[in-house]
Amino acid sequence: MKSIRREMTVWLIATVGVLLVISGLILYQYVRVVLTEGFDEALLDQAKAVSTMTMQEPDGHLEFELNPLSTPQFLATLKPQYYQVWTLTDVSFVRSPSLQDGDMKPIPTSTTPHFSDIRLPDGRLGRRVDLKFRPILELVDGKLMENPPPPAPEMMVVVARERESLDTTLATIKGFSFLASLLIAVGGAVAVSLIVRRTTRTLRRLGVEVDSIQPDDLKGRLSTDHLPSELWPIVSKWNSLLDRMQAALEREHRFTADAAHELRTPVAELRTLTDVVGNWTTESPAISEAFRDAREIAIRMEKLISALLNLSRHEAGTLIAEPQRVDLCLMLDEVRKQLNPAAVIRGVSFQVEMPDSTFVNTDQVFARACLFNLLDNAVAHSPVNSQVHCTIKSLGDQEGMIVVTIDNPCGELRECDLVHACEPFWRKEAARSQSGHFGLGMALVKAYARAISARFDFRLDSGSHFIAELRFPS
Amino acid sequence: MRILLIEDSQQLQRYASLGLRQAGYAVDSAMDGIEGYNLAMTNEYDVIILDLMLPGLDGLSLLDRLRQKGRDTPVLVLTAKDTVQDRVAGLKQGADDYLIKPFAFEELTARLQALIRRRYGLKRSSIECGDLLIDSTGGTVTCRGSTIKLTRRELHLLQYLASSMGQIVSRAQIEESIYDRNATLMSNVVDSTIYAIRRKLIIADAKAVIRTHRGLGYSLEPDSA
């Protein structure tokens, strides 16, 4: 599953990392350019210094006036620097003692000064500058001659030195930058993770609170303490929605309970009327039958009202079980006998497999109601002349469960119908013509099972059998 | 036996009263709590059937007032409120029994009979007097296995005398017990009914007799002769 926190952390760390790398590279490049420029400038200064040593005498002759001893870096020592002056016709004019017999030929280039990297005569990595210059006229007594000779032709001076110091500095800076970036990246990743975790704490808390809200109990509200302003509209709307849903649910519960309650008196009137007047002797069998039918209708309405009230009490959480020691086998047998007349009419028989007795701690009324509704459904919905199979089994000491199974054939029920089976008033056939059944049986079994902490499951097997199971803790 | 039915549902009151009268009870009825309270305080009843949701004065308040005034008439609460809390509240307030609407009329009459037996200290539904067996549940009177046919009024008068067997019951008490307030009494209706019962007991050769205690009333006793 996607995680906002994880995504934020990953993206922030990646972004910070990329920015760090880019900025590190940019910084390094800048430093490299600055340092190299500085190095080149020093090299150029040296080239200029060497070039100024080449002078034109008053007679036009060129003279190089550099005392090698005053510039020991150009001597043939360890790690020397080099210079060589050339005419533009590639004739060497003067070279540094460090060059000995070697040459540093000028690089043909239109730009001057021209810097380039070089492998020095002693094999070291170096940097050279090629600088074009025109020898300056030597002053006589500190003054320019009155009739100076024509200017000397341009010449090229090449100065080279090792670049190890530059490279070392650049490498140090590169290494330091990398290390610093790494440290910043790691530190940044930790900081980002902590910050994201901290800032999403509220979201996590909200997630836990929402998760704790039960579908049939809408009393919980999301806490608005220390809520960020960005989440306030969501939380307040959510709480408002829950208020409305809770009010609607309570209205529905009250309506169901009130409706059932209000129906009691008129049904009581009908029942009393039919009980009293129905007993009067009359010459008209039709009238007697009419009163009997009216009485049956009143009794059905009474059952419906009781079922609705129990369902509404279950929804309101006021269905309270009173556990006691109950023999399930005896109870099932009694219920079976009670339903036997109806079963005989439909040609439905029972096959029962159970021990002599099985005791559980449960509410007798609710447990009996569960068994009655399940068996009643089985009798009513099994095809004519079929068999309902009832079993009571213990799952063994480890599980500690007693399972009551009611298995009946049900040709018309489909897998997609099962999701509706416990909905109040749901029935497979839309006609609602089956007498005595309101489609509340399964809903009541579910409600009672929950009240007595029994597990209620049902399924269709491949052979079109509906199998209902009630599991009681033993 | 005289019953007071306090119920604001007109239809329920009508048919319940009808059924109870058919069963041999004298029935007074009230449509609201105030009228019901006044009747309960004014007359002696064997049982009061009391609805809880009444206009004027609700059933529990009425019951509370009756008990505070020392009225110990058995009360059967008749109501649509079926929770344990409602039942407990009613019984704590002083009700003797509780019946949830809708109910089978047969159950109502059975509970009434149980309350009446309890009121008169009777452990069984049938009372023996000599060789006479008076079954208040079945509404029959037999003498050595043979049924003595009595009218409804005769049966109830005999049942009333049997419930107070050995004790003297005044004419006024008899009239109050077996006639409702709407009945128009003739001055000698009790005497003539007593006479009719005596005749039938003699014909059946029953070893039970209704004795006249001049100026006091009547009593049912085994015939020692």
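At a glance:
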item: Odd one out for B:PRO102, checked against (1) on the phi < 0 side of the Ramachandran plot; (2) within 14 Å of another protein chain (Cβ to nearest Cβ); (3) open to solvent by less than 60 Å² (accessible area, probe 1.4 Å); (4) out of contact with any Ser or Thr (no Cβ under 9 Å at 6 or more places or on another chain); result: (4)
item: Test: residue in the range B:123-131 that is closer than 16 Å to B:ARG21 by Cβ and at pLDDT 80 or above; result: no
item: Those residues of the range A:192-226 which are assigned to a loop (DSSP other than H, G, I, E, B) and either of a type in the set (Phe, Trp, Tyr) or open to solvent by less than 30 Å² (accessible area, probe 1.4 Å) (or both), in sequence order; result: A:THR200, A:LEU218, A:LEU222
item: The listed residue being under 56 Å from the mean Cα position of the chain (by Cα), without any contact (Cβ under 8 Å) to a residue 60 or more places away in the chain and open to solvent by 40 Å² or more (accessible area, probe 1.4 Å), out of A:ILE13, A:ILE22; result: A:ILE22
item: Qualifying residue in the range A:32-43 (condition: of a type in the set (D, E, K, R), in contact (Cβ under 8 Å) with a residue 60 or more places away in the chain, in a helix (DSSP H, G or I) and open to solvent by 80 Å² or more (accessible area, probe 1.4 Å)); result: yes
item: Residue in the range A:366-377 that is assigned to a helix (DSSP H, G or I) and charged (D, E, K, R) present; result: yes
item: Residues (facing another protein chain (nearest Cβ under 8 Å) and either surrounded by fewer than 17 Cβ atoms within 10 Å (Cβ to Cβ) or within 18 Å of B:GLY19 (Cβ to Cβ) (or both)) located in the range A:292-310; result: A:ALA298, A:GLU302
item: Filter result for the condition that a residue is more than 60 Å from the chain's Cα centre (by Cα) and in contact (Cβ under 8 Å) with a residue 24 or more places away in the chain, over A:ILE184, A:ILE136; result: A:ILE136
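Residue-wise test of (1) under 24 Å from A:SER165 (Cα atoms); (2) buried (at least 17 other Cβ atoms within 10 Å of the Cβ); (3) among the acidic types (Asp, Glu).
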position	(1), (2), (3)
A:PHE64	no, no, no
A:PRO113	yes, yes, no
A:SER116	yes, no, no
A:LEU120	yes, yes, no
A:LEU125	yes, no, no
A:LEU131	yes, yes, no
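Residue-by-condition table, conditions (1) within 12 Å of chain B (Cβ to nearest Cβ); (2) open to solvent by less than 40 Å² (accessible area, probe 1.4 Å); (3) under 24 Å from A:CYS422 (Cβ atoms):
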position	(1), (2), (3)
A:LEU263	yes, no, yes
A:VAL267	yes, yes, no
A:THR272	yes, yes, no
A:ASP275	yes, yes, no
A:GLY278	yes, yes, no
A:ALA286	no, no, no
A:ALA290	no, no, no
A:LEU319	yes, yes, yes
A:ASP327	no, yes, no
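The values are calculated or read from the model by the stated rules, or taken from the named source; none is laboratory data. What you are looking at is a predicted structure, and each value in this text was computed from that prediction instead of being measured. Quick reminder, even Gly has a Cβ in these numbers, built from the backbone with ideal geometry, and neighbours come from all protein chains shown. Surface areas here come from the heavy atoms of the whole protein model, side chains and all, with no ligands, DNA or RNA. Shrake-Rupley method; radii C 1.70, N 1.55, O 1.52, S 1.80 Å.
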